[in-house]
Amino acid sequence: MAAQQALAEKETTVRTEICDRLGIDAPIFAFTHCRDVVVAVSKAGGFGVLGAVGFTPEQLEQELAWIDEHIGSFPYGVDIVIPQKYEGIGETDPKKLEELLQASVPKGHHEFAAKLLADHGVPEAPPEGKLGLLGWTEATARPLLDRAMQHPKVKLIANALGTPPREIIDEIHASGRLVAALCGKVKQAKKHKEAGVDIVIAQGTEGGGHTGEIGSVVLWPQIIDAVAPLPVLAAGGIGSGRAIAAAMAMGAAGVWTGSLWLTVEEAAAQPAEKQSYLDATSEDTVRSRAWTGKPCRMLKNDWTEAWADPKNPQPLGMPLQGLVTADAIRRTHQYAGVAGAQKVAFNAVGQVVGQMNRIEKARDVVTRLLTEYADAVERLQSLSA
Ligand SMILES: Cc1cc2nc3c(=O)[nH]c(=O)nc-3n(C[C@H](O)[C@H](O)[C@H](O)COP(=O)(O)O)c2cc1C
(Lines give C-alpha, C1' and ligand atoms only; values in the text may rest on other atoms or scores of the structure.)
Protein backbone atom coordinates (compact mmCIF):
# COMPACT_ATOMS: atom_id res chain seq x y z
CA MET A 1 0.00 0.00 0.00
CA ALA A 2 1.24 3.49 -0.87
CA ALA A 3 0.93 4.83 2.68
CA GLN A 4 2.75 1.93 4.31
CA GLN A 5 5.60 2.09 1.78
CA ALA A 6 6.09 5.86 2.05
CA LEU A 7 6.24 5.73 5.84
CA ALA A 8 8.41 2.62 6.05
CA GLU A 9 10.98 4.21 3.73
CA LYS A 10 11.22 7.18 6.08
CA GLU A 11 11.04 5.07 9.25
CA THR A 12 8.24 7.15 10.66
CA THR A 13 4.56 6.70 11.43
CA VAL A 14 1.40 8.76 11.48
CA ARG A 15 -0.86 6.15 13.08
CA THR A 16 -3.44 7.41 15.55
CA GLU A 17 -6.24 5.61 17.35
CA ILE A 18 -8.76 6.28 14.58
CA CYS A 19 -6.56 4.30 12.16
CA ASP A 20 -7.27 1.21 14.25
CA ARG A 21 -10.95 2.04 14.64
CA LEU A 22 -11.40 2.39 10.89
CA GLY A 23 -8.79 -0.12 9.73
CA ILE A 24 -6.62 2.34 7.77
CA ASP A 25 -2.85 3.01 7.60
CA ALA A 26 -2.80 6.80 7.60
CA PRO A 27 -5.38 9.26 8.98
CA ILE A 28 -5.67 11.17 5.72
CA PHE A 29 -9.35 11.63 4.90
CA ALA A 30 -10.29 12.69 1.38
CA PHE A 31 -13.69 14.30 0.78
CA THR A 32 -14.67 14.02 -2.88
CA HIS A 33 -17.69 13.74 -5.16
CA CYS A 34 -15.89 11.20 -7.36
CA ARG A 35 -16.16 7.50 -6.73
CA ASP A 36 -12.80 6.80 -8.42
CA VAL A 37 -11.05 9.12 -5.96
CA VAL A 38 -12.73 7.39 -2.99
CA VAL A 39 -11.45 4.04 -4.20
CA ALA A 40 -7.93 5.29 -5.01
CA VAL A 41 -7.43 7.02 -1.64
CA SER A 42 -8.77 4.13 0.44
CA LYS A 43 -6.67 1.67 -1.52
CA ALA A 44 -3.59 3.85 -0.95
CA GLY A 45 -4.11 3.52 2.82
CA GLY A 46 -6.04 6.74 3.50
CA PHE A 47 -9.83 7.05 3.82
CA GLY A 48 -12.02 8.14 0.90
CA VAL A 49 -15.34 9.83 1.70
CA LEU A 50 -18.00 10.27 -0.97
CA GLY A 51 -19.97 13.54 -0.80
CA ALA A 52 -23.59 12.50 -1.35
CA VAL A 53 -25.31 15.89 -1.48
CA GLY A 54 -25.53 16.19 -5.28
CA PHE A 55 -26.91 12.70 -5.91
CA THR A 56 -30.46 11.42 -5.94
CA PRO A 57 -30.88 8.30 -3.76
CA GLU A 58 -30.89 6.16 -6.93
CA GLN A 59 -27.70 7.74 -8.27
CA LEU A 60 -26.01 7.37 -4.88
CA GLU A 61 -26.93 3.69 -4.85
CA GLN A 62 -25.17 3.25 -8.20
CA GLU A 63 -22.05 5.06 -7.00
CA LEU A 64 -21.87 3.01 -3.80
CA ALA A 65 -22.38 -0.27 -5.67
CA TRP A 66 -19.51 0.71 -8.00
CA ILE A 67 -17.26 1.60 -5.08
CA ASP A 68 -18.08 -1.68 -3.32
CA GLU A 69 -17.13 -3.55 -6.45
CA HIS A 70 -13.78 -1.77 -6.92
CA ILE A 71 -12.52 -1.01 -3.41
CA GLY A 72 -11.70 -4.57 -2.32
CA SER A 73 -11.79 -4.94 1.45
CA PHE A 74 -10.91 -1.30 2.17
CA PRO A 75 -13.32 0.92 4.13
CA TYR A 76 -14.77 4.27 3.04
CA GLY A 77 -17.21 6.92 4.21
CA VAL A 78 -20.25 8.88 3.03
CA ASP A 79 -20.89 12.58 3.72
CA ILE A 80 -24.39 14.01 3.97
CA VAL A 81 -25.61 17.51 4.74
CA ILE A 82 -28.20 18.14 7.45
CA PRO A 83 -27.96 21.84 8.27
CA GLN A 84 -28.75 23.14 11.75
CA LYS A 85 -31.16 25.75 10.38
CA TYR A 86 -32.85 26.14 7.03
CA GLU A 87 -36.06 27.38 5.42
CA GLY A 88 -38.78 24.70 5.54
CA ILE A 89 -37.18 22.74 8.42
CA GLY A 90 -39.58 20.14 9.83
CA GLU A 91 -41.15 19.18 6.48
CA THR A 92 -40.07 15.58 5.94
CA ASP A 93 -41.61 14.92 2.51
CA PRO A 94 -39.01 16.00 -0.10
CA LYS A 95 -41.67 16.68 -2.77
CA LYS A 96 -43.84 18.84 -0.51
CA LEU A 97 -40.76 20.66 0.76
CA GLU A 98 -39.64 21.48 -2.76
CA GLU A 99 -43.11 22.81 -3.69
CA LEU A 100 -43.20 24.91 -0.54
CA LEU A 101 -39.75 26.32 -1.20
CA GLN A 102 -40.24 26.93 -4.93
CA ALA A 103 -43.22 29.13 -4.06
CA SER A 104 -41.00 31.43 -2.00
CA VAL A 105 -38.31 32.05 -4.64
CA PRO A 106 -38.84 35.51 -6.20
CA LYS A 107 -39.18 35.37 -10.00
CA GLY A 108 -36.56 38.11 -10.29
CA HIS A 109 -33.90 35.78 -8.85
CA HIS A 110 -34.53 33.15 -11.53
CA GLU A 111 -34.48 35.85 -14.22
CA PHE A 112 -31.22 37.31 -12.92
CA ALA A 113 -29.54 33.88 -12.88
CA ALA A 114 -30.82 33.08 -16.38
CA LYS A 115 -29.53 36.40 -17.72
CA LEU A 116 -26.06 35.84 -16.26
CA LEU A 117 -25.86 32.48 -18.04
CA ALA A 118 -27.18 33.88 -21.31
CA ASP A 119 -24.78 36.86 -21.17
CA HIS A 120 -21.88 34.39 -20.85
CA GLY A 121 -23.05 32.24 -23.74
CA VAL A 122 -23.89 29.17 -21.66
CA PRO A 123 -26.37 27.07 -23.70
CA GLU A 124 -29.74 25.94 -22.39
CA ALA A 125 -29.78 22.31 -21.24
CA PRO A 126 -32.45 19.74 -22.14
CA PRO A 127 -35.22 19.52 -19.51
CA GLU A 128 -34.42 15.90 -18.58
CA GLY A 129 -31.92 15.58 -15.76
CA LYS A 130 -32.96 18.93 -14.24
CA LEU A 131 -31.68 19.26 -10.70
CA GLY A 132 -34.28 19.79 -8.00
CA LEU A 133 -33.77 20.26 -4.29
CA LEU A 134 -30.35 18.78 -3.54
CA GLY A 135 -29.54 16.91 -0.33
CA TRP A 136 -29.21 20.14 1.66
CA THR A 137 -32.16 19.40 3.97
CA GLU A 138 -32.98 16.64 6.43
CA ALA A 139 -35.85 15.53 4.17
CA THR A 140 -33.51 15.04 1.21
CA ALA A 141 -30.47 13.84 3.19
CA ARG A 142 -32.41 11.10 5.01
CA PRO A 143 -32.94 8.85 1.94
CA LEU A 144 -29.23 9.27 1.10
CA LEU A 145 -28.29 8.14 4.60
CA ASP A 146 -30.62 5.14 4.32
CA ARG A 147 -28.84 4.05 1.12
CA ALA A 148 -25.39 4.55 2.63
CA MET A 149 -26.26 2.40 5.63
CA GLN A 150 -27.07 -0.53 3.36
CA HIS A 151 -23.41 -0.78 2.35
CA PRO A 152 -21.25 -2.62 4.89
CA LYS A 153 -17.93 -1.13 3.69
CA VAL A 154 -19.24 2.34 4.61
CA LYS A 155 -17.66 2.68 8.05
CA LEU A 156 -18.16 6.39 8.67
CA ILE A 157 -20.99 8.86 8.10
CA ALA A 158 -19.99 12.51 8.16
CA ASN A 159 -22.32 15.49 8.37
CA ALA A 160 -21.67 19.04 7.25
CA LEU A 161 -23.31 22.24 8.52
CA GLY A 162 -24.61 21.08 11.86
CA THR A 163 -24.86 18.53 14.63
CA PRO A 164 -26.73 15.51 13.29
CA PRO A 165 -30.04 14.91 15.09
CA ARG A 166 -29.61 12.63 18.14
CA GLU A 167 -31.77 9.82 16.72
CA ILE A 168 -29.69 9.75 13.54
CA ILE A 169 -26.47 9.48 15.55
CA ASP A 170 -27.97 6.63 17.57
CA GLU A 171 -29.08 4.85 14.41
CA ILE A 172 -25.63 5.13 12.81
CA HIS A 173 -23.99 3.88 16.00
CA ALA A 174 -26.40 0.96 16.25
CA SER A 175 -25.28 -0.07 12.76
CA GLY A 176 -21.66 -0.24 14.00
CA ARG A 177 -20.48 2.88 12.17
CA LEU A 178 -18.76 6.02 13.38
CA VAL A 179 -20.20 9.53 13.08
CA ALA A 180 -18.14 12.59 12.19
CA ALA A 181 -19.30 16.19 11.91
CA LEU A 182 -17.71 19.34 10.54
CA CYS A 183 -17.53 22.64 12.37
CA GLY A 184 -15.82 26.02 12.20
CA LYS A 185 -16.40 27.25 15.78
CA VAL A 186 -15.63 25.93 19.28
CA LYS A 187 -19.32 26.26 20.23
CA GLN A 188 -20.35 23.92 17.40
CA ALA A 189 -17.61 21.43 18.28
CA LYS A 190 -18.88 21.22 21.86
CA LYS A 191 -22.42 20.63 20.58
CA HIS A 192 -21.15 17.78 18.40
CA LYS A 193 -19.46 16.21 21.41
CA GLU A 194 -22.56 16.54 23.61
CA ALA A 195 -24.68 14.88 20.91
CA GLY A 196 -22.40 11.83 20.78
CA VAL A 197 -20.40 12.47 17.58
CA ASP A 198 -17.26 10.27 17.47
CA ILE A 199 -14.96 12.47 15.38
CA VAL A 200 -15.00 16.26 15.15
CA ILE A 201 -13.73 17.83 11.93
CA ALA A 202 -12.40 21.33 12.62
CA GLN A 203 -12.43 23.29 9.39
CA GLY A 204 -10.68 26.64 9.14
CA THR A 205 -11.84 29.43 6.89
CA GLU A 206 -9.27 28.70 4.19
CA GLY A 207 -11.01 25.42 3.34
CA GLY A 208 -13.08 24.82 0.23
CA GLY A 209 -16.85 24.54 0.45
CA HIS A 210 -18.96 25.80 3.37
CA THR A 211 -16.65 27.36 5.86
CA GLY A 212 -16.55 29.72 8.83
CA GLU A 213 -14.45 32.79 9.54
CA ILE A 214 -11.65 31.51 11.76
CA GLY A 215 -8.32 30.43 10.31
CA SER A 216 -7.12 26.85 10.76
CA VAL A 217 -4.03 27.59 12.84
CA VAL A 218 -6.19 29.43 15.37
CA LEU A 219 -9.17 27.06 15.22
CA TRP A 220 -7.57 23.60 15.36
CA PRO A 221 -5.88 23.83 18.80
CA GLN A 222 -8.93 25.51 20.35
CA ILE A 223 -11.25 22.74 19.17
CA ILE A 224 -8.75 19.99 20.04
CA ASP A 225 -8.67 21.31 23.62
CA ALA A 226 -12.42 21.95 23.81
CA VAL A 227 -13.51 18.41 22.93
CA ALA A 228 -10.56 16.34 24.27
CA PRO A 229 -10.21 13.38 24.39
CA LEU A 230 -12.48 13.15 21.32
CA PRO A 231 -10.39 12.82 18.13
CA VAL A 232 -10.28 15.94 15.95
CA LEU A 233 -9.45 15.95 12.25
CA ALA A 234 -7.81 19.14 11.04
CA ALA A 235 -9.38 20.55 7.86
CA GLY A 236 -8.95 23.68 5.80
CA GLY A 237 -5.67 24.44 4.08
CA ILE A 238 -4.05 21.01 4.03
CA GLY A 239 -2.11 21.06 0.78
CA SER A 240 1.15 19.43 1.79
CA GLY A 241 2.67 17.00 4.26
CA ARG A 242 4.17 19.97 6.10
CA ALA A 243 0.64 21.13 6.90
CA ILE A 244 -0.18 17.61 8.14
CA ALA A 245 2.84 17.72 10.45
CA ALA A 246 1.63 21.09 11.80
CA ALA A 247 -1.85 19.67 12.47
CA MET A 248 -0.48 16.55 14.17
CA ALA A 249 1.89 18.70 16.25
CA MET A 250 -1.15 20.59 17.54
CA GLY A 251 -2.78 17.34 18.62
CA ALA A 252 -5.00 16.49 15.66
CA ALA A 253 -5.87 12.82 15.18
CA GLY A 254 -5.58 13.18 11.41
CA VAL A 255 -6.47 15.46 8.54
CA TRP A 256 -9.61 15.93 6.46
CA THR A 257 -8.94 17.27 2.97
CA GLY A 258 -11.14 18.34 0.06
CA SER A 259 -9.64 20.74 -2.46
CA LEU A 260 -6.57 18.63 -3.21
CA TRP A 261 -8.64 15.93 -4.91
CA LEU A 262 -10.33 18.22 -7.44
CA THR A 263 -7.36 18.11 -9.81
CA VAL A 264 -6.24 14.49 -9.47
CA GLU A 265 -6.25 12.33 -12.56
CA GLU A 266 -9.17 10.26 -11.29
CA ALA A 267 -11.42 13.29 -10.60
CA ALA A 268 -14.38 13.25 -12.97
CA ALA A 269 -14.38 17.03 -13.60
CA GLN A 270 -14.33 18.41 -17.13
CA PRO A 271 -10.85 19.50 -18.38
CA ALA A 272 -11.92 23.19 -18.35
CA GLU A 273 -12.95 22.89 -14.68
CA LYS A 274 -9.62 21.30 -13.72
CA GLN A 275 -7.80 24.01 -15.68
CA SER A 276 -9.61 26.74 -13.71
CA TYR A 277 -8.20 25.24 -10.52
CA LEU A 278 -4.72 24.69 -11.93
CA ASP A 279 -4.55 28.32 -13.10
CA ALA A 280 -5.81 29.87 -9.84
CA THR A 281 -3.69 31.35 -7.05
CA SER A 282 -4.53 31.45 -3.35
CA GLU A 283 -5.84 35.00 -3.84
CA ASP A 284 -8.50 33.89 -6.29
CA THR A 285 -11.03 32.43 -3.84
CA VAL A 286 -13.90 34.13 -2.05
CA ARG A 287 -16.36 33.14 0.66
CA SER A 288 -19.73 33.71 -0.95
CA ARG A 289 -23.43 32.85 -0.49
CA ALA A 290 -24.01 33.12 -4.22
CA TRP A 291 -24.51 29.40 -4.90
CA THR A 292 -25.90 27.61 -1.86
CA GLY A 293 -27.14 30.44 0.34
CA LYS A 294 -24.56 29.74 3.08
CA PRO A 295 -20.97 31.09 3.08
CA CYS A 296 -18.94 28.77 0.91
CA ARG A 297 -15.37 29.18 -0.41
CA MET A 298 -15.01 29.03 -4.19
CA LEU A 299 -13.18 30.62 -7.10
CA LYS A 300 -14.07 34.28 -7.57
CA ASN A 301 -15.67 34.94 -10.95
CA ASP A 302 -18.37 36.99 -12.68
CA TRP A 303 -21.11 35.01 -10.92
CA THR A 304 -19.79 35.70 -7.39
CA GLU A 305 -19.14 39.37 -8.24
CA ALA A 306 -22.64 39.83 -9.66
CA TRP A 307 -24.37 38.41 -6.58
CA ALA A 308 -22.13 40.53 -4.32
CA ASP A 309 -23.20 43.77 -6.03
CA PRO A 310 -25.78 45.52 -3.78
CA LYS A 311 -27.64 46.77 -6.89
CA ASN A 312 -28.49 43.18 -7.85
CA PRO A 313 -30.78 40.60 -6.17
CA GLN A 314 -29.17 39.33 -2.97
CA PRO A 315 -28.56 35.60 -2.41
CA LEU A 316 -31.44 33.87 -0.61
CA GLY A 317 -30.84 31.48 2.30
CA MET A 318 -30.20 27.74 2.04
CA PRO A 319 -31.89 25.82 0.42
CA LEU A 320 -33.77 28.56 -1.52
CA GLN A 321 -30.66 29.88 -3.28
CA GLY A 322 -29.92 26.30 -4.35
CA LEU A 323 -33.21 26.27 -6.25
CA VAL A 324 -32.17 29.47 -8.02
CA THR A 325 -28.74 28.08 -8.95
CA ALA A 326 -29.54 24.42 -9.73
CA ASP A 327 -29.90 25.09 -13.46
CA ALA A 328 -26.64 27.07 -13.54
CA ILE A 329 -24.74 24.28 -11.78
CA ARG A 330 -25.96 21.78 -14.33
CA ARG A 331 -25.43 23.94 -17.41
CA THR A 332 -21.98 25.24 -16.49
CA HIS A 333 -20.87 21.68 -15.73
CA GLN A 334 -22.38 20.22 -18.89
CA TYR A 335 -20.94 23.01 -21.06
CA ALA A 336 -17.81 23.61 -18.97
CA GLY A 337 -15.62 24.07 -22.03
CA VAL A 338 -17.80 26.75 -23.67
CA ALA A 339 -16.08 30.15 -23.66
CA GLY A 340 -17.56 32.12 -20.76
CA ALA A 341 -18.87 29.12 -18.80
CA GLN A 342 -16.07 29.10 -16.22
CA LYS A 343 -16.82 32.77 -15.48
CA VAL A 344 -20.24 31.78 -14.14
CA ALA A 345 -19.42 28.28 -12.83
CA PHE A 346 -19.52 27.02 -9.24
CA ASN A 347 -15.91 26.06 -8.55
CA ALA A 348 -15.81 25.38 -4.82
CA VAL A 349 -12.22 25.20 -3.62
CA GLY A 350 -10.05 26.39 -0.74
CA GLN A 351 -7.00 28.62 -0.62
CA VAL A 352 -4.71 25.62 -1.19
CA VAL A 353 -5.76 25.97 -4.82
CA GLY A 354 -2.57 28.02 -5.19
CA GLN A 355 -0.58 24.85 -4.43
CA MET A 356 -2.53 22.70 -6.89
CA ASN A 357 -0.45 23.20 -9.99
CA ARG A 358 -0.29 19.83 -11.70
CA ILE A 359 -2.38 16.74 -12.23
CA GLU A 360 -1.26 13.75 -10.18
CA LYS A 361 -2.73 10.34 -9.47
CA ALA A 362 -4.62 10.20 -6.15
CA ARG A 363 -2.32 7.44 -4.94
CA ASP A 364 0.72 9.63 -5.67
CA VAL A 365 -0.83 12.50 -3.72
CA VAL A 366 -1.17 10.21 -0.67
CA THR A 367 2.46 9.09 -1.03
CA ARG A 368 3.69 12.65 -1.52
CA LEU A 369 1.79 13.93 1.53
CA LEU A 370 3.26 11.21 3.71
CA THR A 371 6.80 11.67 2.41
CA GLU A 372 6.56 15.43 3.01
CA TYR A 373 5.11 14.74 6.46
CA ALA A 374 8.01 12.43 7.31
CA ASP A 375 10.52 15.05 6.10
CA ALA A 376 8.87 17.68 8.29
CA VAL A 377 8.99 15.39 11.33
CA GLU A 378 12.65 14.66 10.63
CA ARG A 379 13.37 18.37 10.45
CA LEU A 380 11.71 18.97 13.83
CA GLN A 381 13.64 16.09 15.34
CA SER A 382 16.90 17.54 14.02
CA LEU A 383 16.10 20.80 15.80
CA SER A 384 15.78 19.07 19.15
CA ALA A 385 18.73 16.70 18.65
C1 LIG B 1 -15.75 21.14 -4.08
C2 LIG B 1 -15.98 20.98 -2.62
C3 LIG B 1 -17.23 20.57 -2.17
C4 LIG B 1 -17.46 20.34 -0.82
N5 LIG B 1 -18.67 19.88 -0.41
C6 LIG B 1 -18.81 19.44 0.86
C7 LIG B 1 -19.97 18.71 1.27
O8 LIG B 1 -20.90 18.50 0.49
N9 LIG B 1 -20.01 18.24 2.53
C10 LIG B 1 -18.97 18.43 3.41
O11 LIG B 1 -19.02 17.92 4.53
N12 LIG B 1 -17.90 19.14 3.07
C13 LIG B 1 -17.78 19.62 1.81
N14 LIG B 1 -16.65 20.30 1.45
C15 LIG B 1 -15.62 20.60 2.47
C16 LIG B 1 -14.66 19.42 2.62
O17 LIG B 1 -15.31 18.35 3.25
C18 LIG B 1 -13.43 19.78 3.45
O19 LIG B 1 -13.83 20.07 4.77
C20 LIG B 1 -12.63 20.95 2.92
O21 LIG B 1 -12.44 20.83 1.54
C22 LIG B 1 -11.29 21.00 3.64
O23 LIG B 1 -10.51 22.10 3.27
P24 LIG B 1 -9.52 22.10 1.99
O25 LIG B 1 -10.42 22.35 0.84
O26 LIG B 1 -8.59 23.21 2.27
O27 LIG B 1 -8.86 20.75 1.94
C28 LIG B 1 -16.40 20.57 0.10
C29 LIG B 1 -15.16 21.01 -0.35
C30 LIG B 1 -14.93 21.22 -1.69
C31 LIG B 1 -13.57 21.67 -2.14
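The values are calculated or read from the model by the stated rules, or taken from the named source; none is laboratory data. What you are looking at is a predicted structure, and each value in this text was computed from that prediction instead of being measured. FYI the Cβ positions are ideal-geometry reconstructions off the backbone, even for glycines, and counts take in every protein chain you see. Calculation scope for accessible area: heavy atoms of the full protein, side chains included, ligands and nucleic acids excluded. Shrake-Rupley method; radii C 1.70, N 1.55, O 1.52, S 1.80 Å.
Some points to look at:
- Taking every protein chain into account, the 1.4 Å probe leaves Tyr373 with about 20 Å² of accessible area, to the nearest ten.
- When a 1.4 Å probe is rolled over the protein heavy atoms, the share of accessible surface on segment 2-357 that falls to carbon and sulfur comes to 53 percent.
- Lys300 accessible area, 1.4 Å probe, all protein chains in place, Å² to nearest 10: 100
- Calculated FRET efficiency for the pair Thr92/Glu11, C-beta based, R₀ 56 Å, to 0.05: 0.55
- Degrees separating the helix 94-103 axis from the principal Cα axis of the chain, which is the longest one: 50
- Tensor-based shape of segment 139-284 (alpha-carbon gyration tensor, a/c under 1.5 rounded, otherwise prolate or oblate): oblate
- Using the alpha carbons alone, the radius of gyration of the chain stands to its Kirkwood radius in an Rg to Rh ratio of 0.95.
- Our note on the geometry: Cα centres of segment 248-270 and segment 318-385, 8 Å apart.
- Surface calculation, 1.4 Å probe, protein heavy atoms: Cys296 sits at approximately 0 Å² accessible.
- Degrees separating the helix 107-119 axis from the principal Cα axis of the chain, which is the longest one: 80
- Accessible surface, segment 2-357, averaged per residue in Å² (probe 1.4 Å): 41
- Length released on extending from Glu305 to Lys115, taking residue separation times 0.36 nm less the Cα-Cα span: 67.0 nm
- Computed from Cα positions, the angle between helix 57-70 and the longest principal axis of the chain comes to roughly 30 degrees.
- Cross-link reach is defined here as a Cα-Cα straight distance under 26 Å, omitting same-chain residues fewer than 8 places apart; for Lys191 the lysines meeting it are Lys85, Lys155, Lys294.
- Ranked by how many other beta carbons lie within 10 Å on average, peptides 239-245, 31-37 from highest: 31-37, 239-245
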